[in-house]
Amino acid sequence: MADAPGRAIADPTPDADDRAGGTGLRPALELLARVGDLPEGGVVDLGCGSGAAGPALAARFPDRALTGIDRSDRMLARAAATGAYRRCLAEGIATWDPATAPALIFSCAALHWLADHDRLFPTLAGHLAPGGTLAVQMPRQAAAPSHRFLREFTLDMFPDRTIAEPAPVLAPIDYHRLLTPLGQLDIWETEYLHRLDPGSAGSGHPVRQFLEPTLLPPYAEALAPGELSALVARYDEALAAAYPVEPDGAVLFPFRRLFLVLTLPGHPF
C-alpha cells in the first residue's frame with residue numbers, strides 16, 4: 001500500500017491487496033492494455049502491494065527491468081516471491097525519486113491513498129523518460145453508500161477520532177485539465193457491477209465483507225474493539241438498506257474506478 005503524508009494508515013490484511021476492492025487483476029489488465037510503445041528504460045510498479053500485477057507486467061515487457069515499490073515489507077516479500085520483479089524496494093510514493101528515469105510508471109489502486117494530486121501527478125510525470133508513460137488506476141467510490149456511511153457514522157458516533165482515509169479522487173475532468181498540458185492523455189471510468197454471494201450466518205453484510213480488508217483497517221486502528229463493533233453493526237444495518245438482497249439471494253454492488261494513461265512527448269528532432 002502507498003503512504004500518504006500526514007496520514008497513519010494501517011497495513012491491510014494479507015489478502016487485501018489481491019482483492020483491492022474485489023475486482024482481482026481485471027483493472028490492472030485493462031489499464032495495461034491501453035499502454036502503448038515505450039522508449040528505452042525500465043518499468044516501475046508503484047505501490048505494487050503483493051505483486052498481483054507483476055507477472056502481467058513482466059510478460060508484457062520481458063526485456064525490461066521491472067521494479068516494485070511499496071512501503072510495506074510484508075507486501076514486498078510477497079511481490080518478490082512472484083519472481084516477476086528484478087528489484088523490490090521499500091520506499092514511500094510521496095518521497096520516491098528514481099535515480100534513472102523509467103519508461104513506464106504503472107500504479108494500480110495505490111495513489112488514492114495519497115493527498116495533493118495536483119502536485120503528486122505532475123511530480124510522477126516528471127520522473128519519466130522523454131516519451132514515457134504514467135498509467136494509473138484508482139477507485140473512485142468515496143461518494144457511494146459503501147464508503148460514505150463509514151465516514152458519516154464515525155463522525156456521528158466518535159467525533160473526536162481521526163481516521164486515516166484515502167484522499168478524495170478527483171473527477172476525470174480535473175485530471176484532464178491537470179495533465180493534458182504535459183502530454184497525450186487517455187482517461188476513462190469503469191463501473192464494475194459485482195454480484196456478491198451471502199456469507200456465513202452472522203458474518204455481516206456481503207458488501208462489508210467484500211471491503212473489509214481494505215476499508216476497515218484504519219477504523220480498527222482508531223477505535224477500541226467495542227467501539228468498532230458498534231460502528232460495524234450500524235454499518236451493516238445501513239448497507240442492508242442501500243444494497244438489498246436480490247431474489248436469488250445475492251447482493252449487487254457497483255464499484256467505480258478511474259483510469260488514466262499519460263504519454264509524454266519524446267525527444268525533439
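Just so you know, all these numbers are worked out from the coordinates, no wet-lab data involved. All values reported here derive from a predicted model rather than from experimental measurement. With ideal geometry, Cβ positions are generated from the backbone for all residues, glycine too; neighbour counts draw on all protein chains shown.
Numbers at a glance
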{"quantity": "From phi via Karplus (6.51, -1.76, 1.60), per-residue ³J(HN,Hα) for the range 95-106 in Hz, x at Gly/Pro", "calculated": "10, 5, 9, x, 6, 10, 5, x, 7, 9, 10, 10"}
{"quantity": "Percent of Cα-Cα distances greater than 32 Å, calculated over the chain", "calculated": "25 percent"}
{"quantity": "Net length gained if the chain between residue 86 and residue 174 were fully extended (0.36 nm per residue, minus Cα distance)", "calculated": "28.2 nm"}
{"quantity": "Residue (of 82, 35, 144) at the positive-pole extreme of the range 25-151, dipole from beta-carbon charges", "calculated": "144"}
{"quantity": "For the range 168-176, Karplus couplings with θ = phi - 60° (6.51, -1.76, 1.60), whole Hz, Gly/Pro x", "calculated": "x, 7, 5, 6, x, 5, 5, 5, 4"}
{"quantity": "Magnitude of the charge dipole, the range 16-263, Cβ model with Lys/Arg +1 and Asp/Glu -1, debye to 20", "calculated": "360 debye"}
{"quantity": "For residue 194, residues with placed amide H under 5 Å, excluding near neighbours", "calculated": "253, 255"}
{"quantity": "Percent of beta bridges antiparallel (DSSP, the chain, rounded to nearest 5)", "calculated": "55 percent"}
{"quantity": "For the chain, calculated [θ]222 nm from helices alone, where every DSSP H run of n ≥ 4 adds -39500 (n - 2.57)", "calculated": "-9500 deg cm²/dmol"}
{"quantity": "Phi-based couplings in Hz for the range 68-81 (Karplus 6.51, -1.76, 1.60; Gly and Pro marked x)", "calculated": "x, 10, 7, 8, 9, 4, 5, 5, 5, 4, 5, 5, 4, 5"}
